[in-house]
Amino acid sequence: MASWNSIPLEITYQVLGWFAFVSWSISFYPQVILNFRRKSVVGLNFDFVLLNLTKHSTYLIYNASLYFSSAVQKQYFDKYGYDQMIPVAASDVAFSIHAVLLTAITLFQVVIYDRGTQIVSKISLTIVIVVWIFAAICFFIGLSSHSWLWLISIFNSIQVFMTAIKYIPQAIMNFLRKSTDGFSIGNILLDFLGGLANYAQMAVQSIDQNSWVNFYGNIGKTLLSLISIFFDLLFMLQHYVLYPGKRPIVSQKADDKTREALIAPPDRPQSEDV
């Protein structure tokens with residue numbers, strides 16, 4: 001197993017990793033706190049939450065397996081060389097565990113708080129069911145052939161796929177409502193910082209090892225950062241530029257009708273001629 005060539009770069013790598021961990025971990029709390037204060041999850045897309053839980057669960061399986069399993073690590077070194085370093089840090093595993101727990105809490109809030117007319121779409125439910133059935137089939141194939149690295153790469157590919165699609169329902173919902181009300185921008189800002197730190201961490205390791213295997217050897221982590229940064233920028237554009245401080249159009253119309261009904265005097269019955 002390769003070792004660090006530069007102590008300053010090793011320290012920088014660790015600092016960036018834990019900075020990404022802290023940023024990403026804290027990013028879950030603004031939405032949870034917002035839901036708790038409002039006692040409502042209206043404005044938060046449920047498809048996003050469900051897809052996000054699947055994404056983080058598969059990412060946890062990948063990170064924990066590659067970090068703790070000597071059998072998986074051996075197959076990784078056999079493929080990429082023993083002069084390479086494992087592309088998963090302790091901060092990655094810690095983040096994944098924390099992410100699964102907080103996303104599960106958010107999903108629980110969806111169940112207990114006011115949801116308005118929002119529901120989970122059949123498309124998202126179908127995607128999640130198909131993904132886990134596919135993962136189960138791959139598990140038994142990997143179990144019979146002891147292809148552990150191949151198996152966790154499947155979970156890694158799943159989490160990349162889920163990352164690519166999980167933001168889409170929320171972005172579309174914001175566009176249709178012409179508002180980001182109910183969707184915490186604090187989550188996005190912290191997620192953006194975490195994505196930048198995560199990408200920088202991989203670059204530092206590659207510079208130290210004078211090899212870019214770290215990027216394509218852990219393509220999931222690379223794509224995760226790029227996709228997250230792209231959608232974070234999109235959400236910031238929606239919140240600060242396109243729909244700054246706007247309430248949902250549908251909700252505003254409903255409020256106007258309610259206000260008119262309260263202000264307007266009741267109709268007087270017509271007098272009958274005697």
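Scanning the range 9-52 for residues that are among the polar types (S, T, N, Q) and either in contact with an Asp or Glu (Cβ under 7 Å, 6 or more places away or on another chain) or more than 21 Å from Arg177 (Cα to Cα) (or both) gives Thr12, Gln14, Ser23, Ser25, Ser27, Ser40, Asn52.
Within the range 170-189, can one find any residue that is over 15 Å from Trp24 (Cβ atoms), among the acidic types (Asp, Glu) and surrounded by 15 or more Cβ atoms within 10 Å (Cβ to Cβ)? Yes, that holds for at least one residue. Taking the listed residues Val128, Val100, Val111, Val120, the one that is more than 29 Å from Ala20 (Cα to Cα), out of contact with any strand residue (DSSP E or B) (no Cβ under 8 Å at 6 or more places or on another chain) and either open to solvent by less than 20 Å² (accessible area, probe 1.4 Å) or part of a helix (DSSP H, G or I) (or both) is Val111, with no other qualifying.
Restricting the range 1-55 to residues that are β-branched (Val, Ile, Thr) and open to solvent by less than 30 Å² (accessible area, probe 1.4 Å) leaves a set whose member that is nearest to Ala94 (Cα to Cα) is Thr54. Only one of the numbered conditions (1) at pLDDT 65 or above; (2) farther than 30 Å from Gln73 by Cβ is violated by Leu262, and that is (1).
Note on the range 216-245: among residues that are outside any helix (DSSP H, G or I) and loosely packed, with under 14 Cβ neighbours inside 10 Å, the one that is modelled with the lowest pLDDT is Gly245. Is there a residue in the range 134-149 that is open to solvent by less than 90 Å² (accessible area, probe 1.4 Å), of a type in the set (S, T, N, Q), part of a helix (DSSP H, G or I) and at pLDDT 95 or above? Scanning the range 134-149, I find no residue that is open to solvent by less than 90 Å² (accessible area, probe 1.4 Å), of a type in the set (S, T, N, Q), part of a helix (DSSP H, G or I) and at pLDDT 95 or above, so the answer is no. Taking Pro87 and the conditions (1) open to solvent by 30 Å² or more (accessible area, probe 1.4 Å); (2) in a loop (DSSP other than H, G, I, E, B); (3) not acidic (Asp, Glu), which numbered condition does it fall short on, given that it satisfies the others? Just one mismatch for Pro87, condition (1). Ile158: in contact with an Asp or Glu (Cβ under 7 Å, 6 or more places away or on another chain), crowded, with 23+ Cβ neighbours inside 10 Å and in contact (Cβ under 8 Å) with a residue 12 or more places away in the chain, yes or no? Taking the combined requirement at face value, the residue does not satisfy it. Across the range 67-84, the qualifying residues are those that are among the aromatic types (Phe, Trp, Tyr) and surrounded by fewer than 22 Cβ atoms within 10 Å (Cβ to Cβ), and the one among them that is modelled with the lowest pLDDT is Tyr82.
The values are calculated or read from the model by the stated rules, or taken from the named source; none is laboratory data. For clarity, every value in this text was computed on a predicted model and none was experimentally measured. Cβ atoms come from the backbone with ideal geometry, glycine included; neighbour counts cover every protein chain shown. Side chains are part of the model used for accessible areas, which takes the heavy atoms of the whole protein and leaves out ligands, DNA and RNA. Shrake-Rupley method; radii C 1.70, N 1.55, O 1.52, S 1.80 Å.
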